[in-house]
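These notes concern the structure reproduced below.
The values are calculated or read from the model by the stated rules, or taken from the named source; none is laboratory data. No experiment lies behind these values; they were computed from the predicted model shown. Cβ sites come from the backbone with ideal geometry, for glycine too, and all protein chains shown count toward neighbours.
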Amino acid sequence: MSNNQITGSVRFENVVKNYGSVVALKDLTLDIVPGELVTLLGPSGCGKTTTLRLIAGLEAATGGNIFIGNDNVTHLSATYRNVSMVFQSYALFPHMSVLDNVAYGLKVSSIPKKEAYDKARDGLAMVGLKGYDERLPSELSGGQQQRVAVARAVVLEPEVLLLDEPLSNLDAKLRRQVREQIRQIQQRLSLTTVYVTHDQEEAMAVSDRIIVMKNAEIAQIGTPMDLYNTPNSKFIADFIGDANVIDCEVSAIKSGIATVEIPGAKLKILTNQTTNFNASLVIRPQNVSLEQASKKAGIKGTVTYAAYLGNQIQYTLDSAIGELFVVDNNMADMFKVGSDVDIILNEKKLVLVSK
Amino acid sequence: MRKTAIIWQIIGLLGALLFPWYMVQGGFFSFSWVGGIFSDPKNASAFAQGLFHQKWWLITSLLPLVGTALALLFIKNTKLLAKFLVMISIAGLVLIFAQGFIVSRTGARIFADLFVGGAGEAGQVGFGAGAFVVLFSQLFILTTGFSGLGKGRGDAFIVGLIGLIVSLVGVFVFFPVSHILIQAFEGPEGNLGLAEFFDNFTSSRIWGVRCLYEANSCGTAWNSLFLAIMTGAGTTLLGLAFALIATRTNFRAKRLLRVLTIIPIITPPFVIGLALILLFGRSGMVSEFLYDHFDVEKTRWLYGFWGIYIAQLLSFTPIAFLVLIGVVEGVSPSMEEASQTLNGDRWQTFRFVSFPLMRPGLANAFLLGFIESMADFGNPLVLGGNYSVLSTEIYFSIVGAVANSGKAATLAIVLLSMTLGAFLLQRMWLGKKSYATVTGKGDSGQHASLNPLLRGFCYATTIPWAIFTVIVYSMIVFGSFVKLWGYDHSFTFAHYIRAFSINFTDGIRFTGVAWDSYFTTLTISSIAAPLTTIVGLATAYLLVRQKFVGKQVFEFSTMLSFAIPGTVIGVSYILAFNVPPIELTGTSIILILVFVFRNMPVGVRGGIAAMSQLDKSLDEASITLGANSFTTVRKIIVPLMGPAILAALTYSFVRAITSVSAVIFLVSAKHNMATSFIIGRVENGEFGIAIAYSTVLIVTMLSVILLLQFIIGKRRLRRENRIQKHTKTKVAQA
Amino acid sequence: MKTGLKLGLAFSGMLVAFPAMFFAAPALSDELNMVCSNEQDWCDLMVANFEAKTGINVAMVRKSTGETLAQVRAESSNPKIDIWWGGTGDPHLVAAQEGLTQASGVDTSELQDWAVNLSNISEGKTIGIHLGVLGVAYNTEVLAEKGLNPPACWMDLTKAEYKGEIQVANPNSSGTAYTELATIVQVFGEDEGFKILKDIGENINQYTKSGSAPSKAAGRGETTISIGFQHDMIKLAIAGFPLAIVTPCEGTGYEVGGVSIIAGAKNFDSAKKWVEYVISAEAQNHGPEVNVFNVPSNKNATIPKEAPPIASLKLIDYDFATYGSSETRERLLARWDAEVGDLN
């Protein structure tokens, strides 16, 4: 392996993976550019881990081609792919000290022992575990073990770093800390990184781009902002962030603006569709504001639940358009449970998705 | 791929050019062949044989070797090259074996017209070093080619390993065993027919159920089956109790217990049976005592089911223990702790967490006990009375006054089908659950200690058992120091002196009568043990970690040699390896091979149990870190398999020393084994020297085992092996 | 890591001895490969004496007759054994019948009639080396304890007082027991004989697999009475067990031990020298040195005083030709299974 920092792209061309009659991936094509952190996000069983293992070479593709950098690696065994992986269970070698764990990949790549250990120490320092060299994995806390696993993968300076649900075994506080650290290291080394998670918040927090998968297929690819603001389906809207998805009637579409009718309101919403379609309306909780009930026409609702969280107030409303979840940043006054309110939607921020 | 293939190509060419193709007088390492590698018709290499000594068919069968060389030189496209290598090397293997089978010692067997005149009519002897080198090179070129085609995720090591083990099992298990099983279908005139087989197969001596409704005994098959189930269950239970005591309690004499559980396994056959007779026989010490003091009538109750059962429990409990200890140790403490934090009490923790996690171990222990009992013939021979079992029937069908190899083969098939049944049941019971407990997550908890009732039960079974074992073995040691065991108990060293005297007058001369077989036994066992371990664990690795076509069949075939009684294996080895191309009778190699392939199932079972507890992500982590499969095996799997390796090594070493039935036919004047020596003495009524020899063997094996334990030691996963102390305050824990 | 290293060391340590024997072809010349089915000490002594006398190197292993026969059969296409010495004549006769052995052509003029007889019926393929007499043994201590009378005849063994006290081998597995079966049939006639066998069967506590097992059990008091060859019993008695030996009053059968050269033996000349040696008086006289008390086949050899006094015994005229043939054997055994029968 060279000392130059090589980071590679990853490309899937019509990759298919079957386990017997079970389809784990159907016809996947994707492109990951050098240096970016891409998250594979989706519910369990969607094929995200399979995709990751295909990149690593731990599974063999049933069809299609996989490229890392310029090389077609479809039939290359995992050993010879310049890719490292951090496992969900960390997979630290229980019989080796922390230092031996981190130096393992270097040593098996015939790097002289001393150099390997030096690099490993640097790696441990990078993840903030200086001085833990001689410990056994069993003597570390979960978060420390996780960082050892990251260090072990990173010291190899891989073309692509793969992370399989790296935070799932950590508690909430630690999770934020570790994911920031991972992101920092990734950016410092500009490592092409593929990150698998089922936690959308985690995905939003670390990713350059997110690939949302569902039923062995890609549902949508985009930056966190794209996915949040312009979901292309009900599934994405629901999966990324909180959203109220309600039925609506599209009465007309003219020059990119759709006229949408819901009980109590008529809305003008941007759309890229040109003809009428069966649509649902996506309303993010913070795009709703509430006012004291008035005589005006509009959407009426009743507060059924209210929670004061310090920086925001969360309401659940019963309304003509169905149950609504609302986040209000107006901390000045708070509606009591049972009070009637007028519901005002921020038209510009609403999104139409097909049903 | 190309690089690997080129290396094997070069090795193959060297083998064909510079190694003697045939067996050489005095052995390969005498190097007496070096001078005649081209000129001597006996010692010449394959090319020289073909060019200068009229063995033209050797040249023909070596053409594929040249073919692969040309392919490697001229084909640049990797895929195409792989395809060529596969096809040509298959042709090579086929041709080499074909010529070996066609041209026998006395000339060609078929196609005689082709081999008219000269060397063809003179015939040829068995394969030598050169032939084996070439065969291996062709085999590995084949597997490398396969890996080049993308099989086994393109991993040449894995494909090679699969190829190697499949070939070895094929040649050293299927090939010989088929020789004897086919006799089940041979009619009186040597014609093949099913009638004879069905006559034998449906005989009421095998399947009779008279015991159900009158005071007769049942068919041998039912006897064997009942005994095997009882022994399997009994040994598993006792083994588990011992394993729990060794790992989950703070019992003081743990080490002693461990030694006690080992001793029976290292006891030469017949000795346990004899000791039991001297204790519980009609004129045994215990019987006499009970008669004298309590007026209990002296009977022959020992001869029959109970005698065999007790002896088998004594003999085979250690196997269950060896399998289970690794498994019980391996159950992750955090899972037990998890159960406890979920308000499970100690019994529930054991019942619902630890015990289910031990299932692979339990199933494997039971299967081994079952098979061992089925194949055991020493104990039924001595203690069987009128309780007839398949293994003894088979033995006497082969060596008895009326030898009937067809009947022996049929009985062997009955026995095999029972083993197969047990094997399939085991698979069903285990199902597809995951039993991984050693994961990549460092694990620092403490093993749950046993609940009092369970602990009580463990103590209640093991301690009496341990005491019983001590008594039986004191009897044995005692027997070696008395004039006439069982009759004249005056003290003497005479037996030891006869067997193991050393003369120091002019240099050291081993003058005792036992030394020869003693040294042979130790040498052969020490060679066989590590080979058995390697083959067994490699097979386990393939079975647990790799996916390939025909895995189930492969798994069962590795059990085959174990499930067949030794007598059958012994005879089948003679039938298969007495004539070219593979001629091994009378050598030590045949003894080593029979031990390796007969005992490897234990390594396989133990390895599978241990390996299914290792989280797969550990291997994967190693591989994604750039280690190849071989390095992964060496650096990750092997160290984590410490106990399993120790168990396999110990067991195969000991089995090689103590096995009888297979060996009896294979020992030769130069390579006589201790057990065959001991049996000769027992047959001759010289119990003293037989027991003295046995005692020396026991001591030898015990020292070797302790040495191995010291060298390999325990795997270091947690700093200490801690067991919760049950103090009222849970704070003060070690 | 360290563990791996240690493992490696352990393995390679054990492998060190391996090359020494790898690919060692079996030695084929300048020596004699023998399987001995006699007592180990007798085998050892004769080998030593023979080597000293002839200078031929003997590679010897001891195996029981059944095992040897099975091995000779399995190896018949490429025999590794040159000569088979010792054991009852029966399996030697079977081997001769199956063409597994070859005539040695040695001079048998010095031999007893029964030894020459064996040679004649096998066309010279096996030659008699010693005679073993069938007998009954009882444990004197147990017999006294139980207050039983010592048996003296075959007929005595059918008495109800011996119920559960007699042990004999199963003729299906043991040549000794077959000799007993054939003897009784020859003494009493076939129908009467089987009736007696059935009556004795009522008293049998176990049909053992091996022929010498009953006498060993009697020695230890595990059974009171045993049927077997007298030289086995004498040996046990001399070793110190309280055994008394009886030759049945109606007359008894015997076996003649054999020596045979294997067909296709690679060292025929040496093998022939061995045959000549073991039937010589000089060689046979060494027997008592190692507690071998059967009757030697050479007329000029001294009969050990411990041996059964054949002159005064009532030996039947055992018909080896008839009762050694496989048809008779199969017929008698089938009848035995049907009428007397092992318990299973």
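For region A:277-300, give me the residue count where each residue is closer than 30 Å to A:Asp226 by Cβ and more than 32 Å from the chain's Cα centre (by Cα).
1
Scan region C:91-107 and tell me whether some residue there is touching a strand residue (DSSP E or B) at 6+ places or on another chain (Cβ under 9 Å), modelled with pLDDT under 90 and part of a loop (DSSP other than H, G, I, E, B).
yes
One line per residue, one yes/no per condition, for (1) out of contact with any Lys or Arg (no Cβ under 8 Å at 6 or more places or on another chain); (2) surrounded by fewer than 24 Cβ atoms within 10 Å (Cβ to Cβ); (3) more than 9 Å from every other protein chain (Cβ to nearest Cβ); (4) assigned to a helix (DSSP H, G or I):
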| position | (1), (2), (3), (4) |
| --- | --- |
| B:Asp516 | yes, yes, yes, yes |
| B:Gly536 | yes, no, yes, yes |
| B:Val553 | yes, yes, yes, yes |
| B:Thr567 | yes, no, no, yes |
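Of the numbered conditions (1) under 26 Å from A:Glu59 (Cβ atoms); (2) within 11 Å of another protein chain (Cβ to nearest Cβ); (3) modelled with pLDDT of 90 or more, A:Ala103 fails exactly one; give the number of that condition.
For A:Ala103, the exception is condition (1).
Checking B:Ser283 against (1) crowded, with 19+ Cβ neighbours inside 10 Å; (2) assigned to a helix (DSSP H, G or I), only one condition comes out false. Which one?
It is condition (2) that B:Ser283 fails.
Looking at this structure, is B:Val544 under 20 Å from B:Val638 (Cα atoms) and among the β-branched types (Val, Ile, Thr)?
yes
Is it the case that A:Gln220 is of a type in the set (S, T, N, Q) and in contact with a Phe, Trp or Tyr (Cβ under 9 Å, 6 or more places away or on another chain)?
Taking the combined requirement at face value, the residue satisfies it.
Taking region C:225-270, which residues are at positive phi and over 21 Å from the mean Cα position of the chain (by Cα)?
Correct list: C:Gly240, C:Gly264.
Just checking, which of C:Pro288, C:Pro309, C:Pro304 is without any contact (Cβ under 8 Å) to a residue 24 or more places away in the chain and either of a type in the set (Gly, Ala, Ser) or not in a loop (DSSP other than H, G, I, E, B) (or both)?
Every option except C:Pro288 fails the conditions.
Within region B:167-177, can you find the residues that are crowded, with 20+ Cβ neighbours inside 10 Å and among the aliphatic types (A, V, I, L, M)?
Taking region B:167-177 and keeping what is crowded, with 20+ Cβ neighbours inside 10 Å, we get B:169, B:172-173, B:176-177.
Across region B:167-177, the qualifying residues are B:Val169, B:Val173, B:Val177.
Tell me the residue from B:Val549, B:Val579 that is closer than 23 Å to C:Lys80 by Cβ and not small (Gly, Ala, Ser), please.
Numbers: B:Val549 fails: closer than 23 Å to C:Lys80 by Cβ.
After ruling out the rest, the residue left standing is B:Val579.
Residues in region C:80-90: is at least one surrounded by fewer than 22 Cβ atoms within 10 Å (Cβ to Cβ) and outside the structural domain of C:Leu181 (by TED's automatic domain parsing)?
no
If you scan region A:176-200, which residues turn out to be touching a helix residue (DSSP H, G or I) at 6+ places or on another chain (Cβ under 7 Å) and of a type in the set (Ser, Thr, Tyr)?
A:Thr193, A:Tyr195, A:Thr197
What about A:Glu36, is it of a type in the set (D, E, K, R), buried (at least 17 other Cβ atoms within 10 Å of the Cβ), in contact (Cβ under 8 Å) with a residue 60 or more places away in the chain and assigned by TED's automatic domain parsing to the domain that holds A:Arg183?
yes
Within 25 Å of the chain's Cα centre (by Cα), surrounded by fewer than 16 Cβ atoms within 10 Å (Cβ to Cβ), in a strand (DSSP E or B) and not acidic (Asp, Glu) - does that describe any residue in region A:61-71?
yes
Within the bounds of region C:312-325, is there any residue that is within 14 Å of chain B (Cβ to nearest Cβ), outside any loop (DSSP other than H, G, I, E, B), polar (S, T, N, Q) and farther than 30 Å from C:Ala239 by Cα?
no
Based on this model, can you work out whether C:Glu110 counts as of a type in the set (Asp, Glu), surrounded by fewer than 24 Cβ atoms within 10 Å (Cβ to Cβ), touching a residue at least 12 places away in the same chain (Cβ under 8 Å) and more than 24 Å from C:Asp41 (Cβ to Cβ)?
The answer is yes for C:Glu110.
Which residues, taken from region B:119-133, are within 14 Å of another protein chain (Cβ to nearest Cβ) and not aromatic (Phe, Trp, Tyr)?
Answer for region B:119-133, where residues must be within 14 Å of another protein chain (Cβ to nearest Cβ) and not aromatic (Phe, Trp, Tyr): B:Gly123, B:Gln124, B:Val125, B:Gly126, B:Gly128, B:Ala129, B:Gly130, B:Ala131, B:Val133.
Listed here are the residues, each with its yes/no results for (1) modelled with pLDDT of 80 or more; (2) part of a loop (DSSP other than H, G, I, E, B); (3) closer than 30 Å to B:Leu149 by Cβ.
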residue	(1), (2), (3)
B:Gln9	yes, no, yes
B:Gly15	yes, no, yes
B:Gly26	no, yes, no
B:Gln49	yes, no, no
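Need the failing condition index for B:Gln348 against (1) outside any helix (DSSP H, G or I); (2) in contact with a helix residue (DSSP H, G or I) (Cβ under 8 Å, 6 or more places away or on another chain); (3) of a type outside the set (A, V, I, L, M); (4) at pLDDT below 80, just the number.
(1)
Output the residues belonging to region A:203-235 that are in a helix (DSSP H, G or I) and either outside the structural domain of A:Asp27 (by TED's automatic domain parsing) or not aliphatic (A, V, I, L, M) (or both).
A:Pro224, A:Asp226, A:Tyr228, A:Asn229, A:Lys234, A:Phe235
Inside region A:254-355, counting only strands (runs of 3 or more DSSP E) that do not spill past its ends, which hold 1 or more residues that are within 18 Å of A:Asp242 (Cβ to Cβ)?
Numbers: elements: A:257-262, A:265-270, A:279-283, A:288-292, A:299-308, A:313-319, A:322-328, A:340-345, A:351-354.
Hits in region A:254-355: A:279-283, A:288-292, A:299-308, A:313-319, A:322-328, A:340-345, A:351-354.
Quick one: is C:Ile245 within 14 Å of chain B (Cβ to nearest Cβ) and at pLDDT 90 or above?
Spelling it out, it is not the case that C:Ile245 is within 14 Å of chain B (Cβ to nearest Cβ) and at pLDDT 90 or above.
Answer with yes or no whether A:Asp171 is surrounded by fewer than 21 Cβ atoms within 10 Å (Cβ to Cβ), acidic (Asp, Glu) and out of contact with any Ser or Thr (no Cβ under 7 Å at 6 or more places or on another chain).
Yes.
Taking the options A:Leu25, A:Leu92, name whichever one is buried (at least 19 other Cβ atoms within 10 Å of the Cβ), farther than 27 Å from A:Ile182 by Cα and in contact with a Gly (Cβ under 6 Å, 6 or more places away or on another chain).
A:Leu25
So if I check each of A:Val148, A:Val196, which one is part of a strand (DSSP E or B) and either within 14 Å of chain B (Cβ to nearest Cβ) or among the charged types (D, E, K, R) (or both)? Explain how you work it out, then say what you get.
Working: A:Val148 fails: part of a strand (DSSP E or B).
Of A:Val148, A:Val196, the one residue that is part of a strand (DSSP E or B) and either within 14 Å of chain B (Cβ to nearest Cβ) or among the charged types (D, E, K, R) (or both) is A:Val196.
Could you please let me know if A:Leu129 is within 29 Å of the chain's Cα centre (by Cα) and in the same structural domain as A:Arg188 (by TED's automatic domain parsing)?
Criteria met by A:Leu129.
Which numbered condition in (1) in contact with a helix residue (DSSP H, G or I) (Cβ under 6 Å, 6 or more places away or on another chain); (2) outside the structural domain of C:Pro79 (by TED's automatic domain parsing); (3) surrounded by 20 or more Cβ atoms within 10 Å (Cβ to Cβ) is the only one that C:Ser174 fails?
Failed condition: (1).
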